[in-house]
Number of protein chains: 2
Amino acid sequence: MSVIESLALEGTSKIVLLVLDGLGDLPDPAHRGQTPLEAARTPNLDAVARASALGRLTPVAPGITPGSGPGHLGLFGYDPLTHLVGRGVLEALGAGIDLQHGDVAARANFCTIDASGVVTDRRAGRIGSDVCARLVGLLHTSIPRIDDVEVVLQAGKGHRFVAVLRGSGLGGAASDADPHKEGKPVPPAHALEAGERNEKTARVVNTFVKRASEVLEAEHPANAVLMRGLSERPKFAGYRERFKLRAAAIAAYPMYRGVASLAGMDLFVPPGEGAAEAFAVAAQQWASHDYIFIHVKGTDMAGEDGNFDAKVAVIEAVDQALPRLLALEPDVLCVTGDHSTPVPMRGHSWHPVPVLVHSVFCFPDPHPRFHETSCRTGSLGDLASRDLIAVLLANAGRLDKYGA
Amino acid sequence: MSVIESLALEGTSKIVLLVLDGLGDLPDPAHRGQTPLEAARTPNLDAVARASALGRLTPVAPGITPGSGPGHLGLFGYDPLTHLVGRGVLEALGAGIDLQHGDVAARANFCTIDASGVVTDRRAGRIGSDVCARLVGLLHTSIPRIDDVEVVLQAGKGHRFVAVLRGSGLGGAASDADPHKEGKPVPPAHALEAGERNEKTARVVNTFVKRASEVLEAEHPANAVLMRGLSERPKFAGYRERFKLRAAAIAAYPMYRGVASLAGMDLFVPPGEGAAEAFAVAAQQWASHDYIFIHVKGTDMAGEDGNFDAKVAVIEAVDQALPRLLALEPDVLCVTGDHSTPVPMRGHSWHPVPVLVHSVFCFPDPHPRFHETSCRTGSLGDLASRDLIAVLLANAGRLDKYGA
């Protein structure tokens, strides 16, 4: 048990973690050298900022650009360097599959093999998503299970799909059934660690790959499948056990609910992608939860699109909806991102993420606004994302003193 | 051996660590939004600050509120997360008991049991300290030793006292002889780790509890005792061995001398609680020591009392006495706290603590004053308390280069 866990107290105070995905950004010369947070009109957030402690979060480690999984695990208080989630599991969570303990997940895709079984196109001629959906349906009907193992499939974009093996005694340490280059046959999966569980997984994977090629024989160019990133749903101690918090996750996208499910949070789908819809769900869940994680995706999408104005618009929409959240009077309100997604980079980055913590005892900063630069000199200082939960618990009066 | 220890050099330079207990605070709306450090008139400290490096210390980890033991161990260069001191030991140190290596200490108190041995009041009707002192005397006379183990007792406030077991072959890993709730009998202590040493401790504790209830039979409501937090005095490498420093601790309160004794410091009791008295002792010990830790308690007490003006007054009194300390011309002067004790919180807190380091080579900051906000942007940056000792040794010219 960590020190934080040993000090966590039961309580009645409420914590809200509002994550604007990919919030952090860079100054844009085309926009008066401002970041989207600086350019946005945010009167409500400004008012909160003036009574808040500001700072910056480093999601994984300096210079490390996190994916969505590690980014959120850090914010939730699970060190992403020690709480590992396999690629297959993240893919399955992102596809909205309700992973159960013991499930083994894989990233999978259709490919083309020749008569001798050599892979000639790892992406099956980039078939459309409609074709993918039809073929996944065909596989599902033809191979619903292998021995005592249920095979759960979900079509993705283009040639991609997710495969989940559900049954007893499966291990996550099995190698890829994927040559990772063309001109070679599909290698059979094998156990990467000793143990019957991993051997069983490898056997099931190899059977699935073989039977799929039989089912798909007439479906050239999508006449075979590849599987990689095999991994077991990790078993992490959850929020209730670790932090004595009844936690809710409100997120429109399945990936974020999925990562929250690893932390044992109750999951809620808002009726729309906007902050207002999410805040309405927060109000409904207020009485039954102590900690509410709210995920807003739009900031990250705008960053990925390189669309400055769209990112500003999402931030302003969150600001306009903010009074609905503030009306709930959370004891601790934290606004931050899981990582930066700077508009000029059109992707995730390693830059520290602005964070705001509001509570009665937060040490309010004199800064009039919340953005990348004001956060640099805030009273929270620079923190590792994994340490945020301790600061939130402390501000909520939910951490006992360490030592006498 | 740590890197710091391997690099520590012998020298003639002098380091002073002046700890104003619970120094850090929060802005108080009732006092123009200032903290006590901001509100205090401190011309002498200001003059030092203008030639000093400022920064902030995190005592244990972000969000963690430290007790006095962990708070000071960090300042002394002992990571409080790995240098554990049991509750019983801290209590004994705080009571001024000169703990020796091998001693096992416990927090103890009088309680009420009924005829069947069930605890009916864990606090023995909250007897007064005078009754406690009389009963501790009675126990001392009646049970001076158990087999080859000496029993050292010291009365505390109300129903509380400290018990130290002194003898060979005693271990600190024994469970509480305390049901922690009423309506149950006193459970016998048992070894928490295998080993005859811990079993011996458990036997002695159980004998003491049994004999105490016989001695106290007619003393209802204080007719039995409870013991908890059993722990062994830890054996840490001391300052001379680790840092090549002859260290002195000057503290009016036994707790702080006790923690300093764990670091092998020579202990001195000033003739009063004020900084002036402590600085006079520093002058006396100047020639014979390289490092002098001076503890001022008043700031913490004022914070615990929620008394802004009292905290300001203690800071101003330290400032007025400061020229006596400066006249000794320490090569390195550090002023800081072991944790924050914000007036509005009336207790210890997790907030980072302002720190000032003055030396010829400290990189002086432009800030005209020393307080929570100026320290946020100081040249020392944000440090873990456990790293302070390296910065002090470096400024004292007492750390060799690392690598060629």
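Values in this text are rule-based calculations from the coordinates and carry no lab data. Being a predicted model, the structure only gives us computed values, none of them experimental. In this analysis, Cβ positions are derived from the backbone assuming ideal geometry, glycine residues included, and neighbour counts consider all displayed protein chains.
Which of the lysines could a cross-linker bridge to B:Lys14, judged by Cα under 17 Å and excluding same-chain residues fewer than eight apart? Leaving aside lysines fewer than 8 places away in the same chain, those within reach of B:Lys14 are B:Lys244. Summarising the overall dimensions of the protein assembly as shown from its C-alpha atoms, the Rg and Dmax are 31.4, 98 angstrom. Placing R0 at 41 angstrom, the Cβ-Cβ distance between A:Ala133 and A:Ala194 gives a FRET efficiency of 0.60 after rounding to 0.05.
When a/c is below 1.5 the answer is rounded, else prolate if a/b is larger than b/c, else oblate, so apply that to segment A:216-345 with a ≥ b ≥ c taken from the square roots of the Cα gyration tensor eigenvalues. Oblate is the answer for segment A:216-345, as a/c is 1.5 or above yet b/c matches or exceeds a/b. Beta-bridge orientation, chain B: approximately 60 percent antiparallel, per DSSP, counting only bridges with both partners inside. Gap in Å between the Cα centre of segment A:350-404 and the Cα centre of segment B:286-305? Computed from Cα coordinates, the inter-centre distance equals 29 Å. Dividing the Cα radius of gyration of segment A:82-131 by 2.2 N^0.38 Å, with N the residue count, gives 1.51.
Counting, for every residue in B:24-30, the Cβ atoms of other protein chains within 10 Å of its Cβ and taking the mean gives 2. Label-to-label distance for A:His180 and B:Leu267 is 6.2 nm, based on points extended 7 Å past Cα in the beta-carbon direction. Dividing the radius of gyration of the alpha carbons in segment B:1-70 by their Kirkwood radius gives 1.05 for Rg/Rh.
Taking 7 Å steps out from each Cα toward its Cβ at A:Gln284 and B:Arg324 produces label points 6.9 nm apart.
Gyration tensor analysis over the Cα atoms of segment A:361-404 returns equivalent ellipsoid semi-axes of 24, 12, 9 Å (largest first, whole Å). Between identical copies, the spacing of B:Thr207 label points, each set 7 Å from Cα toward the C-beta atom, reads 6.7 nm from nearest to farthest. For A:Asp338, the shell of other residues with beta-carbons less than 9 Å away shows a net charge of -2, using +1 for Lys and Arg and -1 for Asp and Glu.
Each listed q (0.10, 0.12 Å⁻¹) maps to a log10 I(q)/I(0) for segment B:4-115, found by the Debye formula over equal Cα scatterers with no solvent: -0.53, -0.73. Peptide B:62-72 has a mean of 6 when you count, residue by residue, the C-beta atoms of other protein chains within 10 Å of its C-beta. Label-point distances for B:Asp46 to the equivalent site in the other copies, using a point 7 angstrom along Cα→C-beta, read 3.3 nm when ranked shortest first.
Here the alpha carbons of segment B:91-167 define both size measures, Rg and Dmax, at 13.1, 39 Å.
Each principal axis of the Cα cloud of chain B was taken in turn, and the coordinate range along them, longest first, works out to 71, 54, 37 Å. Shape of segment B:188-273 from its Cα gyration tensor (a ≥ b ≥ c, root eigenvalues): rounded if a/c is under 1.5, otherwise prolate when a/b > b/c, or oblate? Oblate is the answer for segment B:188-273, as a/c is 1.5 or above yet b/c matches or exceeds a/b.
Of all chain A residues, the closest to the A-onto-B rotation axis by Cβ, with that distance in whole Å, is A:Thr377, 3. Size descriptors for segment A:82-212: radius of gyration and Dmax over Cα atoms are 14.3, 44 Å. What separates the Cα centres of segment A:237-277 and segment B:140-213 is a distance of 48 Å. First select every other residue whose beta carbon is under 14 angstrom from the beta carbon of B:Leu139; then total the charges, Lys and Arg +1, Asp and Glu -1. Value of the local net charge: +1. For the segment B:379-387, counting C-beta atoms of other chains within 10 Å of every residue's C-beta and taking the mean gives 1. Under the membrane-span-like helix rule (DSSP H runs whose alpha carbons stretch at least 24 Å along the helix axis, mean Kyte-Doolittle hydropathy 1.0 or higher), chain A yields none.
FRET efficiency for the B:Asp387 to B:Arg246 pair, using the beta carbon distance and R₀ = 22 Å, is estimated at 0.50. Find out how many positive minus negative residues lie around B:Gln285, taking Lys and Arg as positive, Asp and Glu as negative, among other residues whose Cβ is under 11 Å from that of B:Gln285. Around B:Gln285, the surrounding residues sum to 0. Its DSSP H runs of at least 4 residues, each contributing -39,500 (n - 2.57), put the calculated 222 nm mean residue ellipticity of the protein assembly as shown at -9000 deg cm²/dmol, to the nearest 500.
Rounded, prolate or oblate, given the Cα gyration tensor of segment B:263-404, with a/c below 1.5 counting as rounded? Taking the square roots of the gyration eigenvalues as a ≥ b ≥ c, segment B:263-404 is oblate.
Dimensions of segment A:136-219 based on its C-alpha atoms, expressed as ranges along the principal axes with the largest first, amount to 36, 31, 23 Å.
If you take every DSSP beta bridge fully contained in the protein assembly as shown, what fraction is antiparallel? Give it as a percent rounded to 5. So the antiparallel bridges in the protein assembly as shown amount to around 60 percent. In nanometres and ascending order, the distances from the B:Glu150 label point to those of the other copies are 7.0 (point 7 Å from Cα along Cα→Cβ). Using the Cβ-Cβ distance between B:Ala47 and B:Asn307 with R0 set to 30 Å, the FRET efficiency from 1/(1 + (r/R0)^6) comes to roughly 0.65.
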